[in-house]
Amino acid sequence: MSTPISNPSDPRLSQPGRGWLEVICGGMFSGKTEELLRRLRHVKHARLSHMIFTPKADTRYDSERVVSHVGTKLEAQPVQNIHDVLATVGRRPDLQVIAIDEIQFLENDPEETVRACQQLADQGIRVIVAGLDQDFRAQPFPPIPQLMAVAEYVDKLMAICTRCGNYAGRSQRLIDGRAAPFDAPTIAVGGEELYEPRCRCCYEWPDD
């Protein structure tokens, strides 16, 4: 059950139509975080109150910053799950924009994440989320597919295939240079040492 943040005195409730949900998705190295940070720079220039959240499970870079693969960074609040996000927002009735990077790493039921994002948008908050739409098996990676269905704005970004240079929408996980087996854990945090962007033709299906 998600933590309610409804508050009759919340000033956001008097701003109907101000909240919405944006999804930035794609495979590894497609520029999702860079696009998230670009939008947040606009938010800062507009002087809108905002917060950025990053999953504690994402240990690739600075634990208190959102960092793109090209090194762009902004300070962020580390959270374990979507309930931490709701609790923080509930204490900040001034917030107009929130962003959650790598949302698939939050440690809770994906359906809870979808409900919470809907709830926050209904409260008048602009909610921007970024994450993988497919796992290493090229299967839908919750909660991004569900969030795409209910979002007002969706952007799917593409990387460049390391094999042929075509546009790549899949993330190839490699173990000793070979495709990871199908029964490998769905979540394995890593970068270039573990993943390659691949197009549909160059992607290698995991062995059963």
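The values are calculated or read from the model by the stated rules, or taken from the named source; none is laboratory data. Since this is a predicted model, take the numbers as computed values, not measurements. Methodologically, a virtual Cβ is constructed for each residue, glycine included, from the backbone with ideal geometry; neighbour enumeration extends over all protein chains shown.
What the table shows:
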read-out	value
Pair list, Cβ < 6 Å and 6+ apart or interchain, from the range 140-154 residues that are under 14 Å from GLY27 (Cβ atoms) and in contact (Cβ under 8 Å) with a residue 12 or more places away in the chain to residues that are of a type in the set (A, V, I, L, M) and not in a loop (DSSP other than H, G, I, E, B)	PHE141/LEU132
Among residues of the range 4-41, those that are at pLDDT below 95, outside any helix (DSSP H, G or I), closer than 14 Å to ASP122 by Cα and of a type outside the set (A, V, I, L, M), counted	9
Complete set of residues in the range 184-200 that are surrounded by fewer than 10 Cβ atoms within 10 Å (Cβ to Cβ) and farther than 19 Å from THR33 by Cα	PRO185
Evaluation of ARG163 against (1) in contact (Cβ under 8 Å) with a residue 60 or more places away in the chain; (2) in a loop (DSSP other than H, G, I, E, B); (3) surrounded by 15 or more Cβ atoms within 10 Å (Cβ to Cβ); (4) on the phi < 0 side of the Ramachandran plot (one fails), failing number	(1)
Residue in the range 122-142 that is crowded, with 24+ Cβ neighbours inside 10 Å, in a helix (DSSP H, G or I) and modelled with pLDDT of 95 or more present	no
Residues that are modelled with pLDDT of 95 or more and part of a loop (DSSP other than H, G, I, E, B), drawn from the range 49-70	SER49
Residue in the range 118-140 that is closer than 21 Å to ARG38 by Cβ and of a type in the set (Phe, Trp, Tyr) present	no
Any hit, the range 83-91, residues being assigned to a strand (DSSP E or B), under 21 Å from LEU40 (Cβ atoms) and of a type in the set (A, V, I, L, M, F, W, C)	no
Subset tally (residues that are part of a loop (DSSP other than H, G, I, E, B) and in contact with a Gly (Cβ under 9 Å, 6 or more places away or on another chain)) for the range 166-202	3
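Residues checked against (1) among the small types (Gly, Ala, Ser); (2) over 28 Å from ASP183 (Cα atoms):
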{"residue": "ARG92", "(1), (2)": "no, yes"}
{"residue": "THR113", "(1), (2)": "no, no"}
{"residue": "ALA121", "(1), (2)": "yes, yes"}
{"residue": "GLN134", "(1), (2)": "no, no"}
{"residue": "GLN139", "(1), (2)": "no, no"}
{"residue": "PRO142", "(1), (2)": "no, no"}
{"residue": "PRO145", "(1), (2)": "no, no"}
